[in-house]
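First comes the structure, then the notes that go with it.
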């Protein structure tokens, strides 16, 4: 009986197409070199007798993340040792792979990915028909993100439990985000390419990893929660108001306030009744309304639209934005704009 796997959306949606095909080859050395350019130098051996390599590598990248499809079309042994500079989440779309990582051995399949940390020695044996979707996250990016959340406890290397269940809550969360990432990378006009929107999307993906998958930092300590003085709340609030058009995440705000995200979250809820990011959205909605109500005659030029103004303030999901705006101001954004134009 066929099993539906969490990776089906990645496989069936055909994000990996001719436009991002980096290499297709039957030559072992050529394939090894191409994979090394995207990841790192490694040993690659075709296993068994009479097996022929029919490899292909697709590669896309946006900001600090890259999404890849690697298929050797043959049973192979891959020995990169330590990855050193990046994390890999490897998701078999079919077949099985034997993974030896960080002293652990397990079988990876469409129901169990492998999450490899830079400091863990890695050796793999991929089955004959085992194409894998691979997310690469730069080490500096994920470790900096972890430090924002866990403080001094995350100053050293972070190592994840390498067996990553795709049927778990964290696995399902990640597998909902990866098709969105694929859309962002393959669609030039995608609204989440806006720096404000993409930083928040990237933060959501990294949070799914550091809070969902067991790792050395989260397991080693229950970091202390210091009481947050009102001074820090005011300091962060002033920062928000002064930087509304810049990418703002809970991690960046907590770092500015010199506290953990959970502490900042609790303090804002106590002082303002809303979370820091809810305040960001509230203030941005107010700026949108100010822009809509202050549009001047176009003088022959194209007037700003609701979409232009919403995207300017980081609202990439226009349907959700319209609902939030109407809830806040009792009218739709288009009604505000129409009322302003009727007075001009």
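Of the candidates 193, 155, the single residue that is more than 26 Å from residue 20 (Cα to Cα) and in contact with a helix residue (DSSP H, G or I) (Cβ under 7 Å, 6 or more places away or on another chain) is 155. Being at pLDDT below 85 and not in a helix (DSSP H, G or I) is the filter here; which residues of segment 205-235 pass it? Result: 221, 222, 223, 224, 225, 226, 227, 228, 229. Scanning segment 255-274 for residues that are buried (at least 17 other Cβ atoms within 10 Å of the Cβ) and touching a residue at least 40 places away in the same chain (Cβ under 8 Å) gives 255, 260, 261.
Residues that are under 15 Å from residue 124 (Cβ atoms) and free of Cβ contacts under 8 Å to residues at least 60 places away in the same chain within segment 60-84 comprise 72, 74, 75, 76, 77, 78, 79, 80, 81, 82, 83, listed in sequence order. When 253, 285, 244, 279 are checked against the criterion of being at negative phi, part of a loop (DSSP other than H, G, I, E, B) and not assigned by TED's automatic domain parsing to the domain that holds residue 151, 244 stands alone in meeting it. Of note, residue 151 does not satisfy the criterion of being under 23 Å from residue 262 (Cα atoms) and either in contact with a strand residue (DSSP E or B) (Cβ under 6 Å, 6 or more places away or on another chain) or not in a helix (DSSP H, G or I) (or both). From 188, 238, 202, which residue is surrounded by fewer than 19 Cβ atoms within 10 Å (Cβ to Cβ), within 30 Å of residue 321 (Cβ to Cβ), under 22 Å from the mean Cα position of the chain (by Cα) and at pLDDT 85 or above? Unique residue meeting the criteria: 188.
The values are calculated or read from the model by the stated rules, or taken from the named source; none is laboratory data. These figures come from a predicted structure and were not determined experimentally. Cβ atoms come from the backbone with ideal geometry, glycine included; neighbour counts cover every protein chain shown.
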